[in-house]
1. Which ones in region 73-82 are surrounded by 14 or more Cβ atoms within 10 Å (Cβ to Cβ) and either in a loop (DSSP other than H, G, I, E, B) or not assigned by TED's automatic domain parsing to the domain that holds residue 100 (or both)?
2. Quick check: is even one residue across region 47-59 assigned by TED's automatic domain parsing to the domain that holds residue 194, surrounded by 15 or more Cβ atoms within 10 Å (Cβ to Cβ), free of Cβ contacts under 8 Å to residues at least 60 places away in the same chain and farther than 23 Å from residue 191 by Cα?
3. Please state which one of 65, 103, 85, 94 is over 21 Å from residue 41 (Cβ atoms), at pLDDT 95 or above and either not hydroxyl-bearing (Ser, Thr, Tyr) or not in a strand (DSSP E or B) (or both).
4. Of the residues 155, 194, which is farther than 18 Å from residue 73 by Cβ and in contact with a Phe, Trp or Tyr (Cβ under 9 Å, 6 or more places away or on another chain)?
5. Given the criteria modelled with pLDDT of 95 or more, among the acidic types (Asp, Glu) and surrounded by fewer than 20 Cβ atoms within 10 Å (Cβ to Cβ), does residue 189 qualify?
6. Going by what's in this entry, would residue 23 be described as modelled with pLDDT of 95 or more, out of contact with any strand residue (DSSP E or B) (no Cβ under 8 Å at 6 or more places or on another chain) and of a type in the set (A, V, I, L, M, F, W, C)?
7. Return yes or no: is residue 70 assigned to a loop (DSSP other than H, G, I, E, B), in the same structural domain as residue 193 (by TED's automatic domain parsing), among the aliphatic types (A, V, I, L, M) and within 16 Å of residue 92 (Cα to Cα)?
Amino acid sequence: MVEGVISPWWRKGVIYQIYPRSFQDSNGDGIGDLNGIRMRLDYISEILGVDAIWLSPIFLSPMKDFGYDVADYCEVDPIFGTMLDFKALLSDADARNLRVILDLVPNHSSDQHPWFVESSSSHDNPKRGWYVWRDASPDGGPPNNWLSVFGGSAWQWHEPTTQYYLHSFLKEQPDLNWRNPHVEQAMFDVVRFWLELGVDGFRVDVA
């Protein structure tokens, strides 16, 4: 390290991943939640002695892929609590010098996200280009032989608009088109939203 230059905390920091759904249930519904995490912060900070907690996705989601199919990047899913609960978690963590990192999923959204609902409504919708749409191959099949990580073709036929859309994972997780500057701007707005709220950083999924 160059003398006088302060190394970023995360280079040597100890980061503890929390899968909220199964970590600590605070209300007896059988699902871990944000208030459950708050209940364990003393243990995490004093006994484990970590520098930060990394939360697996807590965003609004239909949970086809346990939160990695995001329906709203700026809302907390009710199964985990409320935005007020999240703000309380940030405050409690800060009081213990614990940083909070969120799991960001920018490669794809849920097919229930308003962006995709608009994109899939017609060829002329302004958000059509927010996702990756292609015509069928000459034989009527997928545009190419790309495969989904979860098996099968990475292309899903959409009958209402007679095109295929790309999904690197589940068909309910359409890929966002990062070549579109509007997508880039929208996702940067998401990042700014959480940073201004007090989040310390992100683990970027499918990076």
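The values are calculated or read from the model by the stated rules, or taken from the named source; none is laboratory data. All figures in this text were calculated on a predicted structure; none of them were measured in a lab. Here the Cβ is made from the backbone with ideal geometry for all residues, glycine too, and neighbour counts use every protein chain on show.
1. 77, 79, 80, 81, 82
2. Yes, region 47-59 has at least one match.
3. Being over 21 Å from residue 41 (Cβ atoms), at pLDDT 95 or above and either not hydroxyl-bearing (Ser, Thr, Tyr) or not in a strand (DSSP E or B) (or both) holds for just one of 65, 103, 85, 94, which is 65.
4. On inspection, the qualifying residue turns out to be 155.
5. Against the criterion (modelled with pLDDT of 95 or more, among the acidic types (Asp, Glu) and surrounded by fewer than 20 Cβ atoms within 10 Å (Cβ to Cβ)), residue 189 qualifies.
6. So residue 23 fits the description; yes.
7. When the stated conditions are applied, residue 70 does not pass them.
Per-residue answers, yes or no, for (1) under 18 Å from the mean Cα position of the chain (by Cα); (2) surrounded by fewer than 14 Cβ atoms within 10 Å (Cβ to Cβ):
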residue: 106; (1), (2): yes, no
residue: 142; (1), (2): no, no
residue: 159; (1), (2): no, yes
residue: 198; (1), (2): yes, no
